[in-house]
Amino acid sequence: MTFLKQKWSYLITLVFSLAWLLYNYSQLTAPVDPGDGIVHYFYSAASWENPILFLELWNKPLFTILTSSFAQFGLGGMIFFNVLVFLLTIIFAWRILNHFQVNRYFALSFPLFLLLTQDYSNTILAGHTEPLFSLLLLAATWFWVKEKYLVFAFLIGLLMFSRSEGQLPFLLGLMLLTYIRQWKAPLYLFAPFVIFATIGWFVFDDFLWYFNRSPYHLGNNIYGAGTYGHYLMSYKNFLGNHGLFLFILAIPATILHFAKKEFTIQTCGMTFLGFGTFLGIIFAHSYFWGSGQNGSMGLTRIATQALPSFLLCQFYFLQKTPWKWPKLSNPIALGLVGILTLYLLFTPYLKKVVKPMEVITKEVFDANKETLKGQKVWTSNPYFCLLLGENYMHKTSNVRLLHFSDIQPRPLSGDYLFWDSHFGPLESGVPLENLNGNNGFEVIDSKEKENVKGFLFEIKP
C-alpha cells in the first residue's frame, strides 16, 4: 500500500475506475445477467438458512462462503463484493508491476484495459464468480514473485473451490513447485482440497464429493454444441481489440526476453501460470463447446478468469522492449492511458441492450404484479422471481423452482406458473406442449418478442 500513498496517480486511477463502474451500474435498466448472476445471488443469500448450500459446487463453495454476508443486502450486495474484488485485483497487479519497475503509465492503464473488456466488466456488475478467480490467481502470482511459496501453494489450491477451472492452475502450480523443489509447498497446495473433502465426508459420507457431485461431466450436452473456433472468433468479448493489440505489441519483447535468457524463476513462473491458465481455459472450453460436452454453453466470459494475469505478463514484457529512444517511453505510455480513458468516458461500452427474454419477462410481471402479490408461483426464470421480490431457495418463499416432475400431472398446490422459451425447456425440462392443452393450466397472459415467448398460467384446481 505504500506506493499508493507515494504516487497520487494510482489513487486517482483507482477512484476513476470505481466511479466508472458505479456510474454504469446506475444506468442499468435490468440486471446484466438475468440468469446465472441472479441464481448466484439466490444461492449465497439462502446459504444462512440452508448451510448445505455452502457446499454446492455449481455456485462454488469459496464464492458462497465469501459472498453470503454481502448477499443478505440483495443483489447489489453481491455486486459490491465484486467491485471490492476488482479493486484488490488492481492493487495486486500494481504491486507486481511495481516490483518489476514497469513504467508507471503502463501500470496505470492496466485497470482501464480490464474495464474496456466487455465480458470482464459484465462479470463484475452481474455478480459472477469469475472476478474472484482472477483475484486469487493474481494474488498467488504476487506471492510467487515474492518467493512465498507456501502462501502461493495454498491460494492455488483454493482456486478449485472458486471455479472448476481451478484444476488447471492447480496442475500448473504443482509443476512449478516440483520444478523448484519446494517439497513442503505441495502440502499447502492440497490442504484446501483435504479440508473441503473432509467436510464433505461428514456431510455427504463421500471424501471425493468434489468429483462425484460435480455438475460438470463430459456426457452433459444439455446446451447443445457449437464450433471449435467459437472462442477465437469471439475474442472481442473477453480480450477486445485493445487486448489483442497489447498482446501483438508484446510478442517481439517476449521472444527476445526468453531468447536472451533474461528471465528468472519468478518471471518464468508468472508467465507459465498466466499464459497457461488463460490459453488453457480457452482451448479446453473450445473443445467442450465444439464437442457439446461438459455442460458448456459457449459463454465467452469464462475466458476472463485469467485475463488479469495474462495482461500483466504483456505489460511486463512490453517494459522489456529495447526502446531506441528511451525518452519516448513515458509519452507513449501516457498517450495509451489518455486514449483508454477517452474510450471509457465517451464510449457507452456497458450500455445494456435489453434482450427479448428480459423484455417479455418484465412485461408479464408489470401487467400482473397486483394479481401475483402473495400468490404461490412456479417458475424457472430467475429474473421473474427477482421481480417478485422472492428467492425460490428460501423455504418460506412464495416462488418455487419448476421441475418436470412438478407437472406430472401438475403441481399439487400453487396458484400461477410462469414459463418462458429458454429456462422452461432447458433448465426445467418442461416444453410448452406439456402445459398447453392441459386442463390444469389456463393461459392468462402471454408475450412474444423475436421468437422468444413467455406465458403466465393460472393453475386450476
Exercise for the section: Filter the chymotrypsin sites (Phe, Trp or Tyr not before Pro) in segment 152-196 down to the DSSP loop ones having no more than 11 other Cβ atoms within 10 Å, then list what survives. Expected result: 183
Completion exercise
accessible surface per residue for segment 1-86, probe 1.4 Å, DNA/RNA/ligands not counted, whole Å² -> 44 Å²
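Taking Cα pairs under 8 Å and at least six residues apart, what relative contact order does the chain come out at, in percent?
Dividing the mean separation by the residue count of the chain yields 17 percent.
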Exercise for the section: Keeping the other protein chains in place, figure out the carbon and sulfur percent of the accessible area of segment 1-90, with a 1.4 Å probe. Expected result: 69 percent
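So which of 362/460; 60/236; 395/460; 373/449; 373/447; 355/460 end up more than 29 Å apart by C-alpha?
Those over the limit are 355/460.
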Practice task
Please give the calculated 222 nm ellipticity per residue for the chain, where each DSSP H segment of at least 4 residues contributes -39500 (n - 2.57) and the sum is spread over every residue; nearest 500 deg cm²/dmol?
Solution key: -18500 deg cm²/dmol
Fill in the blank from the handout: Computed about the Cα centre, the charge dipole of the chain from +1 Lys/Arg and -1 Asp/Glu charges at the Cβ has a magnitude in debye, to the nearest 20, of 2060 debye
Practice task
Determine ³J(HN,Hα), in whole Hz, for all residues of segment 67-73 in sequence, where each value follows from phi through the Karplus function 6.51 cos²θ - 1.76 cosθ + 1.60 and θ = phi - 60°; x replaces Gly and Pro.
Solution key: 9, 4, 5, 5, 5, 5, 9
Fill in the blank from the handout: Bridge orientation stat for the chain from DSSP, antiparallel percent rounded to 5, came to 70 percent
Completion exercise
Convex hull around the C-alpha positions of segment 134-293: the volume in Å³ per residue is 133 Å³
Exercise for the section: Mind checking which aspartates and glutamates have their Cα closer than 19 Å to the Cα of residue 146? Skip sequence neighbours fewer than 8 apart in that chain. Expected result: 262
Completion exercise
Spelling it out for residue 441: with amide H atoms placed in the peptide plane at 1.01 Å from N, the residues 5 or more places away or on another chain with amide H under 5 Å from its amide H are 460
Exercise for the section: May I ask for the angle, rounded to the nearest 10°, between helix 167-179 and the longest principal axis of the chain, with both axes built from Cα atoms and the value confined to 0 to 90°? Expected result: 30 degrees
Problem - Between segment 258-321 and segment 64-126, the alpha-carbon center distance in angstrom - result: 18 Å
Completion exercise
Helix 149-158: inclination vs the chain longest Cα principal axis, degrees, rounded to 10, gives 20 degrees
Handout entry: Rounded percent of accessible protein surface that carbon and sulfur make up, segment 127-236, 1.4 Å probe
Key = 66 percent
Handout entry: Order of exposure, largest accessible area first, which applies to 78, 175, 357, 297 with probe 1.4 Å
Key = 175, 297, 357, 78
Exercise for the section: Enter the angle in degrees (range 0 to 90, nearest 10) between the Cα long axis of helix 36-46 and the first principal axis of the Cα atoms of the chain, meaning the one along which they spread out most. Expected result: 80 degrees
Problem - Per residue solvent-accessible surface (Å²) - segment 111-162, probe of 1.4 Å - result: 17 Å²
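The values are calculated or read from the model by the stated rules, or taken from the named source; none is laboratory data. The model shown is predicted, which means the values in this text are computed figures rather than measured ones. Every residue, glycine as well, gets a Cβ built from its backbone with ideal geometry; the counts of neighbours run over all protein chains shown. Surface areas here come from the heavy atoms of the whole protein model, side chains and all, with no ligands, DNA or RNA. Shrake-Rupley method; radii C 1.70, N 1.55, O 1.52, S 1.80 Å.
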